[in-house]
1. Among the residues of region 24-46, which ones are part of a helix (DSSP H, G or I), small (G, A, S) and either surrounded by 15 or more Cβ atoms within 10 Å (Cβ to Cβ) or at pLDDT below 65 (or both)?
2. Taking V81 as the residue in question, decide whether it is at pLDDT 90 or above, under 30 Å from S8 (Cα atoms) and loosely packed, with under 13 Cβ neighbours inside 10 Å.
3. For residues that are outside any helix (DSSP H, G or I) and within 14 Å of I46 (Cα to Cα), tally how many sit in region 72-102.
4. Go through the residues of region 86-101 one by one and say whether even a single one is out of contact with any helix residue (DSSP H, G or I) (no Cβ under 9 Å at 6 or more places or on another chain) and modelled with pLDDT of 90 or more.
5. Residue pairs, Cβ under 8 Å, 6 or more apart or interchain, first in region 49-70 and without any contact (Cβ under 8 Å) to a residue 12 or more places away in the chain, second of a type outside the set (D, E, K, R). List them.
6. Restricting attention to region 1-23, and to residues there that are modelled with pLDDT of 75 or more and of a type in the set (A, V, I, L, M), which single residue is farthest from A63 (Cα to Cα)?
7. May I ask you to say which residue of M53, M61 is part of a helix (DSSP H, G or I), in contact with a Ser or Thr (Cβ under 8 Å, 6 or more places away or on another chain), surrounded by 13 or more Cβ atoms within 10 Å (Cβ to Cβ) and modelled with pLDDT of 90 or more?
Amino acid sequence: MARRGGLSDRDDLESSLQELRELMAAAVPQAFAPPAIEWKPIATVIVARLRDMLRSISLLMAAGHESDALLVLRTIYEHVVMFCWIAANPDERTSRVDQSLRAWAPRGFRGG
């Protein structure tokens, strides 16, 4: 990998990923009472998943599995798109997410 300022691109990436994980860790975990589906818990879950996926990318890159890291990056992109879509109109879209989750949840897990 190319070197800039004494650090490799991989070192820069790992440092950036660590910084993102630390920022996200300040907001997660949080507890929410079911069955209400609201924007804040959905946002928190998405951020928590993103934090975990950033960690996965770091581990995969460290192990030399760049192709697998790119697959996780694709999933991160999908989560960010979903996050932005809901954030653009949370009142309407959280209820749509709720309906979708309830339709797909196993019977024993469906709330009110």
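The values are calculated or read from the model by the stated rules, or taken from the named source; none is laboratory data. Owing to the predicted nature of the structure, the values given are computational and were not obtained by experimental measurement. Heads up, the Cβs are rebuilt from the backbone with ideal geometry, glycines too, and the neighbour counts pull from every protein chain shown.
1. Once the filter is applied, which keeps residues that are part of a helix (DSSP H, G or I), small (G, A, S) and either surrounded by 15 or more Cβ atoms within 10 Å (Cβ to Cβ) or at pLDDT below 65 (or both), region 24-46 yields only A43.
2. yes
3. 0
4. yes
5. E66/L60; D68/L60
6. L23
7. Only one candidate passes the filter, namely M53.
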